[in-house]
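Dumping the structure here so I can ask a few things about it.
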Amino acid sequence: MADNSKKSGTHSGASKIWGGRFAGGPADIMQKINASIGFDRRLYAQDIAASKAHAAMLAKTGIISDDDGKAIEKGLGAIADEIENGEFDFKQELEDIHMNIESRLGELIGDAAGRLHTARSRNDQVATDFRLWVREALVDLDAALKGLQAALIDRAQEHAGTAMPGFTHLQSAQPVTLGHHLLAYVEMLGRDRGRAADCLIRLNESPLGAAALAGTSFPIDRAMTASALGFNRPMANSLDAVSDRDFALEFLSLAAILGVHLSRLAEEIVLWCSSPFAYAQMPDGFSTGSSIMPQKRNPDAAELVRAKAGGLIGALSALMVVMKGLPLAYGKDMQEDKVPVFESADTLALCIAAMTGMVAEASFDADRMKADAGKGYATATDLADWLVREKDLPFREAHHVTGALVKLAEEKTVSLEQLSLEDMQSVSPEITESVFGVLSVEDALKSRDSFGGTAPGRVLEAVAEARKRFLD
Ligand code: ARG
């Protein structure tokens with residue numbers, strides 16, 4: 001059991017910041033459950049920036065003196081240095097980053113520190129800091145995703161003409177190119193970046209000055225602090241400003257969707273690296289060995305990226321459930337908003353970096369992929385399309401004829417290409433020699449020349465477009 005002896009009744013233990021009406025300090029366990037300094041210290045830079053903006057506004061509007069404003073500004077600068085140099089003593093009894101900084105400011109500059117919190121509450125303070133933090137996280141995420149897209153686009157260019165089997169139901173369906181396959185992920189990541197950009201636009205309003213929940217009686221200038229912090233405008237409603245965390249939910253939603261995208265690519269890497277496929281090999285730097293089976297070369301990094309989608313989805317549900325049913329305005333429940341967001345941002349940074357490395361350094365076995373691309377009667381659709389195009393058969397009938405040809409090839413254990421013209425004509429007398437011009441993997445690829453299709457020429461065009469759309 002934790003030591004609960006320091007329960008109450010010790011006047012000296014009451015918080016210097018909010019303890020005026022308290023006779024005793026908190027029980028140890030209360031302090032432990034209440035404190036967020038263990039994780040919200042990550043908001044220190046945002047907290048200092050927002051406090052500087054607030055102090056400058058208080059001085060400009062005459063709510064505090066210029067001298068106090070300057071002292072606060074200087075003291076906050078000194079605290080930033082202390083934190084960055086690892087010299088700051090974070091104290092659990094001061095609960096959170098906001099009170100740790102304010103208390104240290106008092107030690108450094110004396111009474112003026114007590115004026116910083118005029119016309120402000122920790123409620124609008126934390127909402128402001130957290131928006132600033134998520135804003136930066138979105139910018140970093142966008143840059144990381146752009147790097148991953150660049151790696152994918154480079155490999156897509158290199159493999160614009162490399163055939164591989166395309167699957168539906170994980171059954172060979174039609175040949176595609178590896179370049180086309182990789183560009184599919186470039187598109188998904190492009191939409192993930194779009195979601196991040198949308199989130200950023202909605203997020204970028206300032207809660208500062210909403211105070212505890214109702215606004216303030218001081219003549220503050222919210223537009224001034226909003227613009228100093230790079231926000232587009234002050235939030236219009238003080239209750240909303242301190243009580244919603246939809247920006248964090250949007251961040252976690254896009255993180256979860258992105259996690260799902262990354263997990264699908266990760267799964268494909270795992271499959272491609274498995275010996276029955278053997279389409280790809282990860283470099284040593286992204287593989288691990290087995291302690292018992294010396295032949296093993298495990299794609300652990302890809303497996304972990306695949307798994308980490310679980311944590312990302314979990315983080316989204318965690319905060320959704322925290323927020324659900326909370327009455328306006330602030331509730332301490334909302335302190336639980338930070339860990340899922342911090343962890344998701346960290347997880348994504350790691351996963352995207354690992355994925356970028358794997359994509360950039362994977363080696364592909366083009367011969368093996370090409371051999372598989374022709375297996376499983378993967379050009380059967382091309383045969384059906386030929387019957388429609390050349391012999392004017394309705395597609396459904398062509399589908400039926402082709403099915404019969406596949407069955408015949410199966411019986412003879414040959415590929416479609418290996419059936420003789422006579423064999424083919426035994427099923428459909430109108431088939432002519434020219435059918436053999438559409439049955440190879442190369443022909444199948446080249447023919448899929450519709451916009452967005454897998455023909456190597458189209459893929460090269462798509463590579464050039466993707467560079468313009470995503471990397472410029
Ligand atoms: N650490 C708190 C949080 O993250 C700061 C806000 C505290 N506000 C309050 N009214 N107790 O939510």
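When the stretch 105-125 is examined, which residues are found to be within 16 Å of the ligand (Cβ to nearest atom) and either farther than 15 Å from residue 211 by Cα or free of Cβ contacts under 8 Å to residues at least 40 places away in the same chain (or both)?
Once the filter is applied, which keeps residues that are within 16 Å of the ligand (Cβ to nearest atom) and either farther than 15 Å from residue 211 by Cα or free of Cβ contacts under 8 Å to residues at least 40 places away in the same chain (or both), the stretch 105-125 yields 117, 122.
Can you name every residue in the stretch 449-463 that is part of a helix (DSSP H, G or I) and touching a strand residue (DSSP E or B) at 6+ places or on another chain (Cβ under 7 Å)?
Matches in the stretch 449-463: 456, 459.
Which ones in the stretch 333-358 are surrounded by 17 or more Cβ atoms within 10 Å (Cβ to Cβ) and either closer than 17 Å to residue 282 by Cβ or away from the ligand (no atom under 16 Å from the Cβ) (or both)?
Residues satisfying the conditions are 344, 345, 347, 348, 351, 352, 354, 355, 356, 357, 358.
Is there any pair linking a residue in the stretch 28-44 that is more than 14 Å from residue 91 (Cα to Cα) to one that is among the acidic types (Asp, Glu) and within 9 Å of the ligand (Cβ to nearest atom), with Cβ under 8 Å and at least six apart or on different chains, and which?
Between residues of the stretch 28-44 that are more than 14 Å from residue 91 (Cα to Cα) and residues that are among the acidic types (Asp, Glu) and within 9 Å of the ligand (Cβ to nearest atom), the close pairs are 43/129.
Among the residues of the stretch 357-411, count how many are part of a loop (DSSP other than H, G, I, E, B) and either touching a His at 6+ places or on another chain (Cβ under 8 Å) or hydroxyl-bearing (Ser, Thr, Tyr) (or both).
Of the residues in that region, 2 qualify.
Among the residues of the stretch 82-94, is any surrounded by 17 or more Cβ atoms within 10 Å (Cβ to Cβ) and more than 29 Å from residue 332 (Cα to Cα)?
No; the residues of the stretch 82-94 include none that is surrounded by 17 or more Cβ atoms within 10 Å (Cβ to Cβ) and more than 29 Å from residue 332 (Cα to Cα).
Looking at 396, 389, which one is over 18 Å from residue 422 (Cα atoms), more than 44 Å from the chain's Cα centre (by Cα) and loosely packed, with under 14 Cβ neighbours inside 10 Å?
Details: 396 fails: more than 44 Å from the chain's Cα centre (by Cα).
Just one listed residue meets the conditions, 389.
Yes or no: the stretch 314-327 includes at least one residue that is within 13 Å of the chain's Cα centre (by Cα), at pLDDT 95 or above and assigned to a helix (DSSP H, G or I).
Within the stretch 314-327, one or more residues are within 13 Å of the chain's Cα centre (by Cα), at pLDDT 95 or above and assigned to a helix (DSSP H, G or I).
Does any residue in the stretch 172-196 that is over 24 Å from residue 374 (Cβ atoms) come within less than 6 Å, Cβ to Cβ, of a residue that is among the aromatic types (Phe, Trp, Tyr) six or more places away or on a different chain, and which pairs are these?
190/470
From the list 212, 196, which residue is surrounded by 15 or more Cβ atoms within 10 Å (Cβ to Cβ) and either assigned to a loop (DSSP other than H, G, I, E, B) or among the basic types (Lys, Arg) (or both)?
212
Would you say residue 135 is away from the ligand (no atom under 16 Å from the Cβ), of a type in the set (Lys, Arg) and within 30 Å of residue 217 (Cβ to Cβ)?
yes
Among the residues of the stretch 113-129, is any within 26 Å of the chain's Cα centre (by Cα), at pLDDT 95 or above and aliphatic (A, V, I, L, M)?
Yes, the stretch 113-129 contains a residue that is within 26 Å of the chain's Cα centre (by Cα), at pLDDT 95 or above and aliphatic (A, V, I, L, M).
While we're on this one: Going by the conditions given, is residue 175 in contact with a Leu (Cβ under 8 Å, 6 or more places away or on another chain) and either outside any helix (DSSP H, G or I) or surrounded by fewer than 17 Cβ atoms within 10 Å (Cβ to Cβ) (or both)? I'd like the intermediate steps shown before the answer.
Details: in contact with a Leu (Cβ under 8 Å, 6 or more places away or on another chain): yes; either outside any helix (DSSP H, G or I) or surrounded by fewer than 17 Cβ atoms within 10 Å (Cβ to Cβ) (or both): yes.
The answer is yes for residue 175.
So in the stretch 44-72, with the set limited to residues that are surrounded by 17 or more Cβ atoms within 10 Å (Cβ to Cβ) and acidic (Asp, Glu), which one is farthest from residue 220 (Cα to Cα)?
Of all residues in the stretch 44-72, those surrounded by 17 or more Cβ atoms within 10 Å (Cβ to Cβ) come to 44, 46-59, 63-64, 68-69, 71-72.
Subset that is acidic (Asp, Glu): 47, 68.
Details: 47: 19, 68: 16 Å.
Across the stretch 44-72, the extreme among qualifying residues is 47.
Okay, moving on. Please specify each residue of the stretch 90-104 satisfying the condition of being more than 11 Å from the ligand (Cβ to nearest atom) and assigned to a loop (DSSP other than H, G, I, E, B).
Answer for the stretch 90-104, where residues must be more than 11 Å from the ligand (Cβ to nearest atom) and assigned to a loop (DSSP other than H, G, I, E, B): 90, 91.
What is the residue count in the stretch 173-220 for residues that are β-branched (Val, Ile, Thr) and under 30 Å from residue 445 (Cα atoms)?
3
Residue-by-condition table, conditions (1) within 24 Å of residue 337 (Cα to Cα); (2) assigned to a helix (DSSP H, G or I); (3) more than 13 Å from the ligand (Cβ to nearest atom); (4) at pLDDT 95 or above:
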residue: 1; (1), (2), (3), (4): no, no, yes, no
residue: 5; (1), (2), (3), (4): no, no, yes, no
residue: 39; (1), (2), (3), (4): yes, yes, no, yes
residue: 51; (1), (2), (3), (4): yes, yes, yes, yes
residue: 62; (1), (2), (3), (4): no, no, yes, yes
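Considering each of 269, 257, 220 in turn, give the residue that is in a loop (DSSP other than H, G, I, E, B), β-branched (Val, Ile, Thr), more than 16 Å from the ligand (Cβ to nearest atom) and surrounded by 15 or more Cβ atoms within 10 Å (Cβ to Cβ).
Result: 220 is the single residue among 269, 257, 220 that is in a loop (DSSP other than H, G, I, E, B), β-branched (Val, Ile, Thr), more than 16 Å from the ligand (Cβ to nearest atom) and surrounded by 15 or more Cβ atoms within 10 Å (Cβ to Cβ).
Would you check which residues across the stretch 199-215 are more than 16 Å from the ligand (Cβ to nearest atom) and touching an Asp or Glu at 6+ places or on another chain (Cβ under 8 Å) and list them?
199, 202, 203
Given the structure, is residue 141 assigned to a helix (DSSP H, G or I), away from the ligand (no atom under 16 Å from the Cβ) and touching an Asp or Glu at 6+ places or on another chain (Cβ under 9 Å)?
The answer is yes for residue 141.
Sticking with this one: Which numbered condition in (1) away from the ligand (no atom under 16 Å from the Cβ); (2) buried (at least 18 other Cβ atoms within 10 Å of the Cβ) is the only one that residue 330 fails?
(1)
The values are calculated or read from the model by the stated rules, or taken from the named source; none is laboratory data. Bear in mind that the values here come from a model prediction, so they are computed numbers and not experimental data. A quick note on method: Cβ atoms are made from the backbone with ideal geometry, for glycine too, and the neighbour counts reach across all protein chains shown.
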